[in-house]
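Trainee: Let me give you the structure first, and then I'll get to my questions.
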Amino acid sequence: MSVAFTKEESSETAAETQLPDRPVSAHPNLVTETGLKQLQAELATARADFEAANGIDDVNEKRRQQAGPLRDARYFAERVRTAQLMPDPASHHTVAFGATVTYSRDGKPPQTYRIVGEDEADPKTGTISFASPVGRALMGKAVGDVVETGEHELEVIAIA
């Protein structure tokens, strides 16, 4: 019987619905408490989206609609599994994971960011990854320290 008369999909269509895994960083999966909750929420959303797609009758469309949530569920399940919950910094003498640091860059107005895990980082909301160039340069520094990142000099103004 021809594939045209069945609800089964061709091998080409099946390959189209299997998305490659999302890349995972080689850095340790350090997270704040907020970051861990975000990962867990993303995992729950991906699982719910996958289950919602189960209600689609057309086999090909069901697989297409499940592909993204399935990939996301694999990613977030792994990120939750490997998460290393980090305590809030015990002191504010040096920049550490979870600290909020204010610095000036090349004499421009100060910028303030919290150093967080890679999945939690969003510069638009005031967080940067500990693995980012700026995050790496600031780790372990104290107020008054000046560090170079590429072409820029950063001076640590405050740590909270």
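Trainee: In segment 124-151, what count of residues is obtained for those that are within 21 Å of residue 76 (Cα to Cα) and either among the aliphatic types (A, V, I, L, M) or touching a strand residue (DSSP E or B) at 6+ places or on another chain (Cβ under 7 Å) (or both)?
Mentor: So the answer is 5.
Trainee: Among the hydroxyl-bearing types (Ser, Thr, Tyr) and within 14 Å of the chain's Cα centre (by Cα): is that true of residue 100 in this structure? Explain how you work it out, then say what you get.
Mentor: On the way: among the hydroxyl-bearing types (Ser, Thr, Tyr): yes; within 14 Å of the chain's Cα centre (by Cα): no.
It is false that residue 100 is among the hydroxyl-bearing types (Ser, Thr, Tyr) and within 14 Å of the chain's Cα centre (by Cα).
Trainee: While we're here: Take residue 117 and decide whether it is surrounded by fewer than 15 Cβ atoms within 10 Å (Cβ to Cβ) and within 23 Å of residue 33 (Cα to Cα). Spell out how you get there, then give the answer.
Mentor: Numbers: surrounded by fewer than 15 Cβ atoms within 10 Å (Cβ to Cβ): no; within 23 Å of residue 33 (Cα to Cα): yes.
For residue 117, the condition - surrounded by fewer than 15 Cβ atoms within 10 Å (Cβ to Cβ) and within 23 Å of residue 33 (Cα to Cα) - is not met.
Trainee: To continue, here is another question. Quick one: which residue in 60, 29 is touching a Ser or Thr at 6+ places or on another chain (Cβ under 9 Å) and under 14 Å from residue 120 (Cα atoms)? Quick ask: steps written out before the conclusion?
Mentor: Values: 60 fails: under 14 Å from residue 120 (Cα atoms).
Only one candidate qualifies: 29.
Trainee: While we're on this one: Return yes or no: is residue 69 farther than 22 Å from residue 32 by Cβ and loosely packed, with under 12 Cβ neighbours inside 10 Å? Spell out how you get there, then give the answer.
Mentor: Details: farther than 22 Å from residue 32 by Cβ: yes; loosely packed, with under 12 Cβ neighbours inside 10 Å: no.
Here the answer is no, as residue 69 does not meet what is asked.
Trainee: Can you find even one residue in segment 32-51 that is surrounded by fewer than 14 Cβ atoms within 10 Å (Cβ to Cβ) and outside any helix (DSSP H, G or I)?
Mentor: No, the conditions are met nowhere in segment 32-51.
Trainee: Being assigned to a helix (DSSP H, G or I) and either open to solvent by 40 Å² or more (accessible area, probe 1.4 Å) or charged (D, E, K, R) (or both) is the filter here, so list the residues in segment 120-142 that pass it. Give the steps one after another, and end with the answer.
Mentor: Pass one, segment 120-142, residues assigned to a helix (DSSP H, G or I): 123-125, 133-138.
Result: 123, 124, 125, 133, 136.
Trainee: Let me ask you something else. State the number of residues belonging to segment 102-114 that are buried (at least 18 other Cβ atoms within 10 Å of the Cβ) and farther than 30 Å from residue 46 by Cα. Break it down stepwise before answering.
Mentor: We begin by selecting, within segment 102-114, every residue buried (at least 18 other Cβ atoms within 10 Å of the Cβ); these are 103, 113-114.
The next check asks that each one be farther than 30 Å from residue 46 by Cα; those that pass are 103.
Count: 1.
Trainee: Still on this model: Please specify each residue of segment 143-160 satisfying the condition of being open to solvent by 30 Å² or more (accessible area, probe 1.4 Å), hydrophobic (A, V, I, L, M, F, W, C) and out of contact with any Asp or Glu (no Cβ under 7 Å at 6 or more places or on another chain). Working first, answer last.
Mentor: Initially, segment 143-160 is screened for residues open to solvent by 30 Å² or more (accessible area, probe 1.4 Å), giving 143-146, 148, 150-153, 155, 157-158, 160.
Then drop every residue that is not hydrophobic (A, V, I, L, M, F, W, C), which leaves 143, 146, 157-158, 160.
Residues satisfying the conditions are 143, 157, 158, 160.
Trainee: Report, by residue number, each residue of segment 72-101 that is open to solvent by less than 70 Å² (accessible area, probe 1.4 Å), within 23 Å of residue 26 (Cα to Cα) and of a type in the set (S, T, N, Q).
Mentor: 82
The values are calculated or read from the model by the stated rules, or taken from the named source; none is laboratory data. Bear in mind that the values here come from a model prediction, so they are computed numbers and not experimental data. Neighbour counts are summed over all protein chains in view; Cβ atoms, including those assigned to glycine, are modelled from backbone coordinates with ideal geometry. Areas reflect the complete protein model, heavy atoms only, side chains present, ligands, DNA and RNA absent. Shrake-Rupley method; radii C 1.70, N 1.55, O 1.52, S 1.80 Å.
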